[in-house]
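Only one structure is covered here, and it is reproduced in the block below.
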Amino acid sequence: MTTYDTMASPVGEILLTADDSALTGLYLPAERRVPGPDWEHGGAFLAGVRSQLEAYFAGTLRTFPIAVAPAGTAWQQRVWRELQEIGFGESISYAELARRAGNPAAVRAAGAANGRNPVSIVIPCHRVIGSDGRLTGYSGGLDAKRWLLDHERA
């Protein structure tokens, strides 16, 4: 069963989704997701996720000890694992992400997997930027990406 909750944040209202024991989605307003008709609201697990996100936005939490279970292909899962290795306040390029995921020639595929990350912020896809340092491609919107990076660098 899918459970969900919403919460206000500095980057807009966030939709959280979970199964019995893991976070399956964290969606920003630009991603335009709505709860499904058979989803159940609330639950203790999502209350804990909300508390951790509130601490992150308050600047008192840098890593998320949250179980995550994003649905994706083997390649996407590999890319998402590498995203979790990027430190708080750090950023890497899409080329570096492809290299870390084991296929330096797959820059576009790494970017596509990054863009399909259903658990943004917790799996920090916002920490990937263009090789020239520009902010590019964030499903939550570039304003949200800029805010998250500035927040972590402060």
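The values are calculated or read from the model by the stated rules, or taken from the named source; none is laboratory data. Treat the numbers as computed from the prediction; the structure is a model and nothing was measured. Here the Cβ is made from the backbone with ideal geometry for all residues, glycine too, and neighbour counts use every protein chain on show. Remember, those area values only see protein heavy atoms, side chains included, never the ligands or the DNA or RNA. Shrake-Rupley method; radii C 1.70, N 1.55, O 1.52, S 1.80 Å.
Quick one: of the DSSP bridges fully inside segment 13-154, what percent are antiparallel, nearest 5? Here the share of antiparallel DSSP bridges comes out near 50 percent. Rolling a 1.4 Å probe over the protein heavy atoms gives segment 1-130 an accessible area of 48 Å² per residue.
Taking every Cα-Cα distance in segment 40-85 and sorting them into 10 Å bins from zero, the calculated P(r) comes out as 23, 40, 34, 3 percent. Taking only the alpha carbons of segment 95-154, we obtain Rg and Dmax values of 11.3, 33 Å in that order. Whole-Hz Karplus values for segment 121-138 come out as 6, 5, 9, x, 5, 5, 7, 9, 10, x, 4, 8, x, 6, 7, 9, x, 10 Hz, taken residue by residue from phi with 6.51 cos²θ - 1.76 cosθ + 1.60 and θ = phi - 60°; glycine and proline positions read x.
Roughly to the nearest percent, how much of the accessible area of the chain is carbon and sulfur, given a 1.4 Å probe?
Working: 3760 of 7600 Å².
Carbon plus sulfur share of accessible area: 50 percent.
Averaged over residues, the count of other Cβ atoms within 10 Å places the peptides 58-70, 25-37, 110-122 in the sequence 110-122, 25-37, 58-70, highest first. Annotation: amide H of ILE129 within the under-5 Å range of ILE92, SER93, TYR94, sequence separation 5 or more or interchain, hydrogens built in the peptide plane.
For P(r) over Cα pairs in 10 Å bins from 0, in percent, the value computed from the atomic coordinates appears in the list [x] 8, 24, 32, 23, 11, 2, 0; [y] 9, 21, 12, 9, 9, 9, 12, 13, 5, 1; [z] 11, 42, 36, 10, 0 under label [z].
With each run of n ≥ 4 DSSP H residues scored as -39500 (n - 2.57), what mean residue ellipticity at 222 nm is computed for the chain after dividing by its residue count and rounding to the nearest 500 deg cm²/dmol? Present the calculation step by step, with values, prior to reporting the outcome.
On the way: 5 runs with 53 residues, N = 154.
Helices in the chain give a 222 nm mean residue ellipticity of -10500 deg cm²/dmol.
Once R0 is set to 22 Å, what does the formula 1/(1 + (r/R0)^6) return for the Cβ-Cβ distance between HIS41 and THR63, expressed as a FRET efficiency to the nearest 0.05? Computed FRET efficiency for HIS41 and THR63 comes out at 0.20.
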